[in-house]
Amino acid sequence: MLVTVFPMFHQVFYNVLLQYFARVAGEKSLSIQRLNVVVKPLIELSGETPYFAALCARERLVHMQWQLSEKLKSIGQVQYVLEFCDFK
């Protein structure tokens, strides 16, 4: 039982760290010191849960592509983004 629960804990903790990293990175007054504290555990956990890390990275890219497309729709440049960044 412990063997199956432990990987799930890694995924949950990885997700919490990732969300914290994204929140700190998105702040107006960027704190490099706070980001640096999170980087080492994120890298280590990425190696222990590579599939989960890859899924998180892909979802982040899809979300970023969606945000960029939405912003560019207002200026009529969405076609260019969809041609080169189609993640679907």
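The values are calculated or read from the model by the stated rules, or taken from the named source; none is laboratory data. Please read all numbers here as calculations on a predicted model, not as lab measurements. Positions of Cβ are backbone-derived with ideal geometry, glycine not excepted, and every protein chain shown enters the neighbour counts.
The table below gives the values:
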| quantity | calculated |
| --- | --- |
| Scope the range 8-46; condition over 23 Å from Met64 (Cβ atoms), modelled with pLDDT under 85 and touching a helix residue (DSSP H, G or I) at 6+ places or on another chain (Cβ under 8 Å); matching residues | His10 |
| Filtered residues of the range 43-58 (kept if surrounded by fewer than 11 Cβ atoms within 10 Å (Cβ to Cβ) and hydrophobic (A, V, I, L, M, F, W, C)) | Ile43 |
